[in-house]
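The values are calculated or read from the model by the stated rules, or taken from the named source; none is laboratory data. The structure presented is a predicted model; accordingly, all values stated were derived computationally and were not measured. In this analysis, Cβ positions are derived from the backbone assuming ideal geometry, glycine residues included, and neighbour counts consider all displayed protein chains.
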Amino acid sequence: MTFSPPSKIQGEAVKRNVKDSEKIRDGSKFGIFADQSNTMPDRTDNPRLLETAPVPGLLWKFALPAIISTLTTSLYSLIDRIFIGQGAGPMAISGLALTFPIMNLLTAFGTLVGIGASTRISIVLGMGDRDWAERILGNSIVLTVIMWGLLTLLCIGFLHPLLMMFGGSENTIPYAADYLYIVIPGYIFSNIAYSFCNIIRASGSPTRSMVIMLIGVGVNLVLDPLFIFGFGMGIRGAAIATVLSMFVATVFTLQFFLKKNAYIRFKRSTLRLKSNIVRDILSIGMSPCLMHIAASAVAVILNRRLVFTGGDLAVGAYGIINSYGILFVMFVIGLCQGMQPIVGFNYGAQKMDRAKHAFFLSIKVGTIITTFGFLLLELFPEAAARVFTTDRELIQIARNGFRFVFLLFPFVGFQIVTSNFFQSLGKVHLSIFLSLSRQVLFLIPAMYICSYFWGLNGVWAATAVADFFACLIALFILRNQLKQIK
């Protein structure tokens, strides 16, 4: 498989005549970059810098705000778990862990639109077509609302049967239901804020994206203890605080695209769904979407295996362990989101050397991040568990789980960056395969096989087994593809 030239990427904006390629590159065809004084002032969020500025500085400029944004997103749930664990007890943590499959499902369809749209916008801006970028933006908000409505009806209508299927018991389901009945309807705010902050970043404003996400997590940090402890609302208070903080972030996100001086903005004429735009968004966003759906399915199987081998407290221990895993993974995903506009824009501008430079630099940084996570959690597992709970039995179960789950974590950074690199190039099938290989191809079978022989320790060890084989597959595919890049 070879890398298709930008003229063959799906989408009307890049199906231009080849003879216009030079005009598109310098913007003269569309008048986007030709007159910098009138249409694009020389500023730090100028998309033209993506093909001219030094790559290391660009990656730092785009990745740092993206990392902060993704970390703040993961902090929503992390803060909830910490306050719930300290204020409502170990069973509340186990109940919150039951919500992972549903939360992953909701996030999946948010990234389906958000990541797909931001990647497409990066590519068409690299081609010089701002009008097409605005059409993608308008279609994205409509798709987000439609998917939220359908998922809310589905999840609320079948909530208790779903929680039972996910490994819930009479001890844990009440906590999970109290949380989800509030969070699910309010998840529209999270999807808009997180997904459209990706688009803000892709349009050349990474700092603004970061500030919006920081505002949201700051509000959550203030409201969580107020509702949980001050008003004595327990897990329901955490849910209300989360929804309110996401609403505040959404207001600032939408405000960005409604400004008259925004580089790309909402227009009524762009809200009508176009089949080719929808297809382009969904095809590229399918990779992260399927990854989250797979994570949801894995969480269901994992919860059931944990209940079978270790009881309700094992599910709570998984909630603690998963909180740290998500934190470091989101760190790497933030790095990848910073890499994405650089790779996508330069791919659209036919500057593949710059795209590869950003990719290899991201691999180095991603590996450093996951190696740090490995050292921290292998050396201090008990201290990490105590952040969430004072229950001695839960701490011991989590402590043992940390040792196994993060055994091969240093290699995870490479696998995530490689998958996102192909996604940034529009190589949907490769990205999907790499995203799903760890979760479906390796983790699920390893979970059953290892737990059969070693019980609860086998459930924890299955993660390291999946990490090993997923990284081998990613390395093999990457070497094969790099040989074919022209």
Among (1) surrounded by fewer than 17 Cβ atoms within 10 Å (Cβ to Cβ); (2) farther than 28 Å from Phe421 by Cα; (3) without any contact (Cβ under 8 Å) to a residue 40 or more places away in the chain, where does Leu271 come up short? (3)
Consider only pairs whose beta carbons are under 6 Å apart and that are at least six residues apart or on different chains; among these, list those whose first residue lies in the range 74-97 and is at pLDDT 80 or above and whose second residue is of a type in the set (Asp, Glu). Phe83/Asp224; Pro90/Asp391; Ser94/Asp312
Check off (1) assigned to a helix (DSSP H, G or I); (2) surrounded by 17 or more Cβ atoms within 10 Å (Cβ to Cβ); (3) within 20 Å of the chain's Cα centre (by Cα) for Asp178 and give me the number that stays unchecked. (3)
Of all the helices (runs of 4 or more DSSP H) wholly in the range 406-486, which have at least 1 residues that are on the phi < 0 side of the Ramachandran plot, in contact (Cβ under 8 Å) with a residue 40 or more places away in the chain and over 25 Å from the mean Cα position of the chain (by Cα)? 444-482
Taking the stated definitions as given, is Leu434 surrounded by 21 or more Cβ atoms within 10 Å (Cβ to Cβ), more than 15 Å from Val405 (Cα to Cα), among the aliphatic types (A, V, I, L, M) and at pLDDT below 95? yes
Which numbered condition in (1) among the β-branched types (Val, Ile, Thr); (2) touching a Phe, Trp or Tyr at 6+ places or on another chain (Cβ under 7 Å); (3) surrounded by 24 or more Cβ atoms within 10 Å (Cβ to Cβ) is the only one that Val300 fails? (3)
On the basis of being part of a loop (DSSP other than H, G, I, E, B), under 30 Å from Arg304 (Cβ atoms) and small (Gly, Ala, Ser), does Ser190 make the cut? no
Name the pairs whose Cβ atoms lie under 8 Å apart, with the first residue in the range 356-385 and assigned to a helix (DSSP H, G or I), the second crowded, with 19+ Cβ neighbours inside 10 Å and among the charged types (D, E, K, R), and 6 or more positions between them or separate chains? Pro381/Arg399; Glu382/Arg399; Ala385/Arg399
Considering the range 165-175, residues that are in a helix (DSSP H, G or I) and within 27 Å of the chain's Cα centre (by Cα), and then whichever is nearest to Ala241 (Cα to Cα), we arrive at Tyr175
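If I filter the range 274-294 down to residues being among the small types (Gly, Ala, Ser), touching a helix residue (DSSP H, G or I) at 6+ places or on another chain (Cβ under 6 Å) and modelled with pLDDT of 80 or more, which single residue comes out as surrounded by the most Cβ atoms within 10 Å (Cβ to Cβ)?
Filtering first and then ranking leaves Gly285.
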Could you list, in sequence order, all residues of the range 241-265 that are within 30 Å of Phe229 (Cβ to Cβ) and not hydroxyl-bearing (Ser, Thr, Tyr)? Ala241, Val243, Leu244, Met246, Phe247, Val248, Ala249, Val251, Phe252
What pairs come out if I take residues in the range 123-144 that are at positive phi and pair them with residues that are buried (at least 23 other Cβ atoms within 10 Å of the Cβ) and part of a helix (DSSP H, G or I) whose C-beta lies under 6 Å away, six or more apart or interchain? Gly128/Ile24
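Every residue, every condition in (1) out of contact with any Cys (no Cβ under 8 Å at 6 or more places or on another chain); (2) buried (at least 24 other Cβ atoms within 10 Å of the Cβ); (3) more than 30 Å from Tyr263 (Cβ to Cβ); (4) at pLDDT 85 or above, yes or no:
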| site | (1), (2), (3), (4) |
| --- | --- |
| Ser203 | yes, yes, no, no |
| Val222 | yes, no, yes, yes |
| Phe231 | yes, no, yes, yes |
| Val248 | yes, no, no, yes |
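Go over the candidates Arg265, Arg201 one by one and state the one that is touching a helix residue (DSSP H, G or I) at 6+ places or on another chain (Cβ under 7 Å), of a type in the set (D, E, K, R), outside any helix (DSSP H, G or I) and touching a residue at least 60 places away in the same chain (Cβ under 8 Å). Steps first, please.
Numbers: Arg201 fails: outside any helix (DSSP H, G or I).
Exactly one residue qualifies, and that residue is Arg265.
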